[in-house]
Structures are given as structure tokens and as C-alpha cells.
1. Within the set of pairs 6+ apart or on separate chains, which have a first residue in the range 17-33 that is of a type in the set (D, E, K, R) and surrounded by 11 or more Cβ atoms within 10 Å (Cβ to Cβ), a second that is in a helix (DSSP H, G or I) and modelled with pLDDT of 95 or more, and C-beta atoms under 7 Å apart?
2. Looking at the range 96-130 only, could you name the residues that are small (Gly, Ala, Ser) and in contact with a strand residue (DSSP E or B) (Cβ under 8 Å, 6 or more places away or on another chain)?
3. So which of Glu49, Glu19, Glu28, Glu109 is more than 18 Å from Trp125 (Cβ to Cβ), part of a loop (DSSP other than H, G, I, E, B) and not aromatic (Phe, Trp, Tyr)?
4. For the range 24-45, enumerate the residues that are more than 17 Å from the chain's Cα centre (by Cα) and either of a type in the set (A, V, I, L, M, F, W, C) or modelled with pLDDT under 95 (or both).
5. What number of residues within the range 61-76 satisfy the criterion of being in contact with a Phe, Trp or Tyr (Cβ under 9 Å, 6 or more places away or on another chain), farther than 29 Å from Trp125 by Cα and in a helix (DSSP H, G or I)?
6. Tell me which residues, restricted to the range 1-58, are among the hydroxyl-bearing types (Ser, Thr, Tyr) and in contact with a strand residue (DSSP E or B) (Cβ under 7 Å, 6 or more places away or on another chain).
7. Return a yes/no flag: does the range 34-42 have any residue that is part of a helix (DSSP H, G or I) and surrounded by 12 or more Cβ atoms within 10 Å (Cβ to Cβ).
Amino acid sequence: MRHGVNGDPLKDGKLDLPELLEEPTPEELAWARDFVEQRKWREAVTYRETAPHEYVVRKWEKDEQGNRDFDRFISVIRRFGYADFYYSVRHLYWAIDEFKYWTMGWPVEETTVINRARVDAPEPWKETHP
């Protein structure tokens with residue numbers, strides 16, 4: 001198994017994404033808010049007790065524009081996001097309003113899910129894995 005620059009395990013094909021920490025323009029923020037508002041987020045029921053979050057899936061997009069928007073939102077997360085860990089796995093998260101968003105780190109065209117959790121959601125893994 002490969003390891004990223006922070007020592008975290010990288011499955012085959014997963015990218016070691018850098019923190020770009022760019023600042024969004026007002027237009028980019030407005031577009032992102034519209035994107036999340038237009039999606040039907042589904043609860044990740046199996047994580048209800050341990051890591052409550054919701055997700056959307058690429059195949060739920062109705063047309064080619066929806067797929068382009070899905071790709072653009074992934075890029076937004078990666079441009080504006082910050083690195084943090086879920087146990088020993090590093091992800092880039094982008095917080096906007098009351099939610100933070102992330103993907104699993106695959107190349108944009110291979111990414112099928114965008115996740116979100118409330119920024120104030122419990123993170124018990126941080127208590128045991130500083």
C-alpha cells in the first residue's frame with residue numbers, strides 16, 4: 001500500500017491531494033450554494049451513530065450539465081478545502097455555511113459520491129486518534 005505525504009494510507013488509484021486553500025469568489029460561493037441546494041441529499045444510515053452524514057451520487061444527475069456541475073463541485077472542494085483525518089484516512093474538506101463537504105480522494109472523473117456532514121457533527125475518532 002502506498003502512503004501519502006502525511007503518512008496516511010492511499011489505496012491504489014487514490015490521489016494524495018494537496019491543500020490549495022484558495023479563497024472562493026462571491027460568484028463561486030453563490031454557485032456552490034446553488035449546487036448543494038439543488039441536490040437531494042440522502043442520509044448515510046449505516047453511519048448514523050458513528051459518523052452522521054449525507055451524500056449524493058453522480059448517477060443521480062439527470063443530464064450532462066448535472067455531471068459537469070458534479071465535477072465542478074468536486075474541484076471546488078479541492079481548491080478551497082482543508083486537510084483533516086477520519087481516523088487514519090486523510091481527506092480534503094470544505095466548509096460552507098453549516099456543512100462540510102468531502103469526497104474519497106479519487107480522480108474527479110472516477111468520483112461517484114460527494115459527502116457532507118454538519119460542521120458541528122460529533123467526531124469521536126478525533127478523541128482516540130489525535
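1. Glu22/Arg79; Glu22/Phe80; Glu28/Val76
2. Gly105, Ala117
3. Glu19
4. Ala30, Val45
5. Here the count works out to 3.
6. Passing the criteria: only Tyr55.
7. Filtering the range 34-42 down to residues part of a helix (DSSP H, G or I) leaves 34-38.
Then drop every residue that is not surrounded by 12 or more Cβ atoms within 10 Å (Cβ to Cβ), which leaves 35-36.
Yes, because at least one residue in the range 34-42 is part of a helix (DSSP H, G or I) and surrounded by 12 or more Cβ atoms within 10 Å (Cβ to Cβ).
Results for (1) surrounded by 15 or more Cβ atoms within 10 Å (Cβ to Cβ); (2) of a type in the set (A, V, I, L, M, F, W, C); (3) in contact (Cβ under 8 Å) with a residue 40 or more places away in the chain, shown as yes or no for each residue.
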| residue | (1), (2), (3) |
| --- | --- |
| Tyr55 | yes, no, yes |
| Arg68 | no, no, no |
| Phe73 | yes, yes, yes |
| Val76 | yes, yes, yes |
| Phe80 | yes, yes, yes |
| Phe85 | yes, yes, yes |
| Asp97 | no, no, yes |
| Ile114 | yes, yes, yes |
| Glu127 | no, no, no |
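The values are calculated or read from the model by the stated rules, or taken from the named source; none is laboratory data. Just so it is clear, the structure is predicted and the values come from calculations on it, not from any experiment. As a convention, Cβ positions derive from the backbone with ideal geometry for all residues, glycine included, and neighbour counts pool all protein chains shown.
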